[in-house]
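To keep things clear, I will list the structure first and then write my remarks on it.
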Amino acid sequence: MSEPWEEEGPGTVKKFMYVNRKAPYGTIYALESLEVVLIAAAFEQDVSMAFLDDGVYQLKKGQDTKGIGQKNFSPTYRALEGYDVEKLYVEAESLAERGLSEDDLLVPVEVMSREALAELMNEQEVILSF
Amino acid sequence: MKYGILVNEGPYQHQASDTAYQFAKAVLDKGHELYRVFFYHDGVNNGTRFAVPPQDDRKIAELWSQMAEAHGTDLVVCIAAAQRRGLLDEGEAKRQGKDGNNIAPGFRISGLGQLIEAGIQCDRLVVFGD
């Protein structure tokens, strides 16, 4: 007798989405979320990242953290491509609400409406939100 | 169904770990499988046996420990998050040259891979946090 989940061996590929909703500094969520994404890359899943609310600030160009005594980890987002994390989605409304545009971001992304992003979330099998 | 749980917030400061515990209990009471509870961010503080809440308050770490004892629930604390926040088991204390350990019974320290694996193996991975 085999249970249904036993069919999901090491070769299983699921749609994972990492949802980033917090500013890069102020709390540790963004930094530790990025650590999850980097570790998870080894599992070769179908990975995407979504940036919404204050999470869009994580991708802002020109971050300078000297004044707060913390490491500027924003260059790591540029390294994601090397980990085969290439699907980065940014919510258009969150950008607009903060007076930002795609040109303000440090990596190539796909900007999409709240509605389209909601649909995309619906298609995911695992959503980790930070 | 096969459930995994991610707890992203510390006990007492935030209700997330209480809610996660109640959810975990409901999963078991309904006869589902609880594959793993993973503790990340300040959630790792759920796993310290050194917390001493007031007598008339719930003892969150103990509740988790009792669940592990009764049901064999796999309680996993993220090693990187735990190191930052001073949560150690015997092996980690030795490796890091610290003079003691504080992990509660039933918890174990391991890597983020355990979270991703839970995402792959479980029918549902439920995230508790902000």
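The values are calculated or read from the model by the stated rules, or taken from the named source; none is laboratory data. Computed from a predicted structure; not experimentally measured. Please note: Cβ atoms are built from the backbone with ideal geometry, for glycine as well, and neighbour counts cover all protein chains shown.
A few points about this structure:
- Subset of the stretch A:83-126 that is surrounded by fewer than 18 Cβ atoms within 10 Å (Cβ to Cβ), touching a residue at least 60 places away in the same chain (Cβ under 8 Å) and of a type in the set (A, V, I, L, M) - its residue that is nearest to the other protein chains (Cβ to nearest Cβ): A:121
- For the stretch A:7-52, taking the residues that are in a strand (DSSP E or B) and free of Cβ contacts under 8 Å to residues at least 60 places away in the same chain, the one that is farthest from the chain's Cα centre (by Cα) is identified as A:46.
- Just one residue in the set B:44, B:76, B:37, B:27 is closer than 27 Å to residue A:129 by Cα, at pLDDT 95 or above, over 13 Å from the mean Cα position of the chain (by Cα) and hydrophobic (A, V, I, L, M, F, W, C); that residue is B:27.
- Scanning the stretch B:24-64 for residues that are assigned to a helix (DSSP H, G or I) and either over 22 Å from residue B:112 (Cα atoms) or in contact with a Lys or Arg (Cβ under 8 Å, 6 or more places away or on another chain) (or both) yields a count of 12.
- Within the set A:30, A:50, A:41, A:23, the sole residue that is surrounded by 14 or more Cβ atoms within 10 Å (Cβ to Cβ) and in contact with a Pro (Cβ under 7 Å, 6 or more places away or on another chain) turns out to be A:30.
- Selection within the stretch B:20-33 - crowded, with 21+ Cβ neighbours inside 10 Å and under 11 Å from residue B:71 (Cβ atoms): B:24, B:27
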